[in-house]
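Below: one structure, written as structure tokens.
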Amino acid sequence: MTRSGDEPVTQPRTPGRTRWGVFAAILALPGLLVAGALVLLLLWLFTDDTARTGVEKAPCAEALAFGGAKLPSGADDAACELQSGIDTRYDARFRMPRDEVRGWLAATYRDGPEPRTSQCGEATADLCLNLGPGESGGNGAVQVDITHDGPDWSRVRFVAFTL
């Protein structure tokens with residue numbers, strides 16, 4: 001095949017011939033994107049959140065002592081956390097017999113106010129007690145929210161923090 005002038009000679013393409021490399025790259029791209037998303041999801045699920053939030057588990061005796069209290073003798077399912085940064089905040093959650101809640105609060109905070117049944121911080125709380133710094137006998141302010149969990153048990157959320 002010759003052409004006139006300086007035009008290069010090219011072979012005509014055969015009809016029906018597929019460029020497999022381009023086709024494979026186009027098909028592989030969505031698969032790689034899905035695989036990458038799965039890897040990121042697994043990394044996110046198995047990453048320890050406490051490293052980023054500054055929240056760590058704490059002994060409940062330490063958490064309650066920070067607010068001038070002790071864990072009641074009938075307490076169950078206790079879990080406590082410490083969040084530290086500029087301020088310190090202990091968060092304790094536990095269950096205790098419902099009929100012992102008022103006695104525990106009165107014995108713990110002898111000079112404190114009576115627990116309230118209204119104007120509690122948590123909308124679902126049935127009983128609450130708030131003490132400012134210095135009123136708790138501990139190192140910070142204290143908020144106690146009690147939610148009755150049936151006729152026999154109450155859930156207690158105890159938060160002690162610095163201002």
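Figures for the structure shown
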read-out	value
Segment Phe46-Val34, extension gain: residue separation times 0.36 nm, minus the distance between their alpha carbons	2.5 nm
For peptides 104-110, 155-161, 79-85, sequence by mean Cβ density within 10 Å, most packed first	155-161, 104-110, 79-85
Length gained when the stretch Asp87-Glu135 is fully extended (0.36 nm per residue, less Cα-Cα span)	15.5 nm
Three-way shape label, segment 45-112, alpha-carbon gyration tensor, a/c 1.5	oblate
Segment 31-160 - Rg and Dmax from Cα coordinates, angstrom	18.5, 67
Gain upon complete extension [Lys57, Thr162; 0.36 nm per residue less C-alpha separation]	36.0 nm
Alpha carbon convex hull of segment 86-162, volume per residue in cubic angstrom	88
Apportionment of accessible area to carbon and sulfur, segment 71-155, percent (1.4 Å)	42
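The values are calculated or read from the model by the stated rules, or taken from the named source; none is laboratory data. These numbers were taken from a predicted model, which means no experiment stands behind them. Quick reminder, even Gly has a Cβ in these numbers, built from the backbone with ideal geometry, and neighbours come from all protein chains shown. To get the accessible areas, we keep the full protein, side chains included, count just its heavy atoms, and leave off ligands, DNA and RNA. Shrake-Rupley method; radii C 1.70, N 1.55, O 1.52, S 1.80 Å.
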